[in-house]
Structure formats: C-alpha cells, structure tokens
Amino acid sequence: MTGRLALVVFPHAGGSAASYRELNRCLQVDFDVHCVELPGHGKLREQPFLGDMDRIADFAYEQTRGVLARQPTALLGHSMGAWVAYLVAQRAREQPPLHLVTSAARPPHLGVHRTLLQLAPEELVQELRRMGGIPTELLADREALELFLPALRADLAALEAFKPPLSSLLDLPITVLRAAGDDITAEDASAWGATTTRPGQVHTLPGSHFFLTEQPALVCAVLRRVLPQYTGV
C-alpha cells in the first residue's frame, strides 16, 4: 500500500465529477482524489441509469474497491453522495476506509429531509435556484437544462424511495459537514453518530446546501484539519 491518503468523492443527485473540478484541484495538493462517476452522468451519460440506491452503491463500491486495496482511503460524499459513501463503507468490510466524511445530508435511516421529485419542472428549477445547485449559466440555457434534469430526476427517484432500517454499525470515525444556511439541521447532522461505533464530529460552515462546491478552499481547509492523522500511514 502507498502512504498518501486517497480521498474518494461521491457527487450529489444529478451531479458528476465535473461539478467538483475546483474542489478536486484544491484537494489534490494533500490527497489522491478520485471522483466516482455514475452511469447516466458526466462521462458516463450514455449509459442507462441504475435505478435504485442498492445498485448505485454496488456500482460505486466496485469503482472504489481498487483504491481501498491500494492505499489508505477516506470517503467524502455530498448530499445524495453522502448516502452512497455510507453504503460503500458498509460494503467495504474486508478493506474498510479509514474515515467517512458526509456533507449536507442526514443518515439514510431517517430518509430524505425534503422531497423534490413530485415538483413540476418549473417548480423544480426554482427550488434548485434557491438551493444554489445549478450554475446560473445552466439555468439560463434551456437546452442544457433539459439534458441535466433527467439525471437529477433519476437520482431523486432512487433517493426518495430509500429509507433503510439502521443496520450493523460502521467501525470508523465519521465527520459531518453542514451549512448554517441549509435545511439540514444540527440535529440531522448529529444523527450520523448512531451509524458508527466510533466518535464523530460535526462542523457547521457558512453557506447554503451546495457550500461544498461554492467554497472549495474553506472545505479543503476543514478536511486538512480532519484528516491529517492519516498522512503517511
């Protein structure tokens, strides 16, 4: 195994590796960064959507297991990606990650904190505008928006139907990131503590739901403080 810490990133609903370009550039100074691309998204947009969270997690685990076998690894998931990262950690019992970082999400056993799938197209766009989840130039480009929305709706269909019972606990520390201006409450964030046997911590940062991509330098600074103990393992 190599000594440099790998950080595997799992995007939000409708998101792709391209959404995290600036964050990844910042993180690469300290970590070997790998961003998982799901079928139907980004570079894999020609492939069919997977349809449910278990199939998504199985695919994401297959993309991650080589990294886990090769070097010490932490997982970072944002919004829907937090659930995917958690489910990957559950599957990686033989070669577990060293740390799980969840962002802008409460744990899966509580279910989603808001439902969006039932919204009419214009209502959905307005809600995304409020949350800050789509670049302004994309919102202004109807053709580009029409290409983005199917991936988002496919992810929401899988996500909103998923509320598994709290199962066997993880045995790794969990750091939870949330934004002061998000609908994810401090209580939601603290609920991740029920999913692991290890101590965890919650960091509240300024910003809205998409603070991870809006403030990459700040997020990188937090992760450098959270994960330095693994450097050189």
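Determine how many Å³ per residue the convex hull of the Cα atoms of the stretch 64-199 encloses. Before the final figure, lay out each step's value.
Numbers: hull volume 16.9 nm³, N = 136.
Normalising the Cα hull of the stretch 64-199 by residue number yields 124 Å³.
Rank-order 123-131, 148-156, 200-208 by packing density, defined as the average count of other C-beta atoms within 10 Å over each peptide's residues, highest first. Kindly include the intermediate steps, with their values, before the conclusion.
Working: 123-131: 14.8, 148-156: 19.7, 200-208: 16.4.
Ranked by mean Cβ neighbours within 10 Å, highest first: 148-156, 200-208, 123-131.
Any chance you could list the semi-axes, whole Å, largest first, of the equivalent ellipsoid that the Cα gyration tensor gives for the stretch 180-233, using √(5λ)? Mind dumping the intermediate values first?
Values: eigenvalues 86, 71, 9 Å².
Semi-axes (√(5λ), whole Å): 21, 19, 7.
With +1 assigned to the C-beta of every Lys and Arg and -1 to the C-beta of every Asp and Glu, and no other charges, what is the dipole magnitude of the chain about the Cα centre in debye, to the nearest 20? Show your work: numbers first, answer last.
Values: 21 positive and 25 negative charges, 146 e Å.
Using only the charged Cβ atoms, the result is roughly 700 debye.
Can you tell me the Rg and the Dmax, both Å, for the Cα atoms in the stretch 1-120?
14.1, 49
Defining a contact as two alpha carbons under 8 Å apart and six or more residues distant in sequence, what relative contact order in percent does the chain show? Numbers along the way, then the final one.
Values: 419 pairs, mean separation 54.8, N = 233.
It comes to 24 percent, rounded to a whole number.
By what distance, in whole Å, do the Cα atoms of the chain stretch along each of the three principal axes, largest value first?
Cα spread of the chain along its principal axes, largest to smallest: 48, 35, 35 Å.
Using the heavy atoms of the protein chains and a 1.4 angstrom probe, tell me the accessible area per residue for the chain in square angstrom.
Working: 10450 Å² over 233 residues.
Roughly 45 Å² per residue, with all protein chains present.
Starting from the 7 Å offset along Cα-to-Cβ, what nm value, one decimal, do you get for the label separation of Glu94 and Asp171?
1.7 nm
The values are calculated or read from the model by the stated rules, or taken from the named source; none is laboratory data. Fair warning: this is a prediction, and the values are worked out from it, not measured in the lab. Neighbour counts are summed over all protein chains in view; Cβ atoms, including those assigned to glycine, are modelled from backbone coordinates with ideal geometry. These area figures cover heavy atoms from the full protein model, side chains too; ligands, DNA and RNA do not enter into them. Shrake-Rupley method; radii C 1.70, N 1.55, O 1.52, S 1.80 Å.
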